[in-house]
Amino acid sequence: MPNYSLTLSYDGTRYRGWQKQGNTGSTIQEKLETALSRLLNEPLEVAGSGRTDAGVHARRQVCSFRTVKAIDCRETLRQLRQVLPEDIGALALEEAAPRFHARLSCVGKTYCYRVRTAETPDVFTRRFVLPYPGQLDLDAMRKAAAALCGEHDFSAFCSLKNSKKSNVRRLESITFSETDGELRIFFTGDGFLYNMVRILTGTLLEVGLGRRAPEAMAAILASRERAQAGPTAPALGLTLWELRF
């Protein structure tokens, strides 16, 4: 069966996340599978490289699917753009290697969390940036971030309890970019747990406000207790930024 790779971007504001659910049709995966199945006149299942949470956005999301017969990628992409909701953008469609799988072939991801530190609101980014006016100690946040990088058990930074799977992940880097009253925090790693980036962000923001010491990160990791870390930052500021295959 022919195998295809589809690259998307989306505004996740009004969706219940990527993964389809039995009690709602308001997910990215559900909208995409419905559109493709109708266009190609066959039932399709789409695998995404990352399962973004409710309200989380994607600058670049890649998914894969197989069809019974070969399709015209250019024409299918054109038609798909016409039928998808305006907050889901189909960027590219191409035939993939037979063994390519968007989730299993993905070896690294980068998420970006956007924080507006300026006092003046920006109505044009209000659905993508967390309003957080005030002075943050970036030096302290960088010090805390350095302690979080590496291979660790990130149970303290995960919302799921009693997971049977390993909570060990490799966080390759946390970097900061500040321009025009907006702070962007980039998290790059081999994979992320449920709510992990948002909890890391909430904890780093507490460090930036002086409510936690940068030196406390090692103890939080060692505790493996969710209650020891900071709050879960709201979904609206988080975007799946980049993928590696």
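Where a number appears in this text, it was derived from the coordinates with a stated rule and is not lab data. From a predicted model like this one, the values you see are computed outputs, not experimental measurements. A quick note on method: Cβ atoms are made from the backbone with ideal geometry, for glycine too, and the neighbour counts reach across all protein chains shown.
Details
- One residue stands out in the stretch 1-54 among those that are in a helix (DSSP H, G or I) and of a type in the set (Val, Ile, Thr): the one that is surrounded by the fewest Cβ atoms within 10 Å (Cβ to Cβ), namely Thr34.
- Taking the criterion of being under 17 Å from Ala47 (Cα atoms), crowded, with 20+ Cβ neighbours inside 10 Å and not basic (Lys, Arg), the only residue of the stretch 97-122 that qualifies is Ala102.
- Extreme residue, nearest to the chain's Cα centre (by Cα), among residues of the stretch 131-163 that are more than 18 Å from Ala218 (Cβ to Cβ) and polar (S, T, N, Q): Ser159
- In this entry, Phe100 passes the filter for residues that are part of a loop (DSSP other than H, G, I, E, B), farther than 23 Å from Arg16 by Cα and of a type in the set (Phe, Trp, Tyr).
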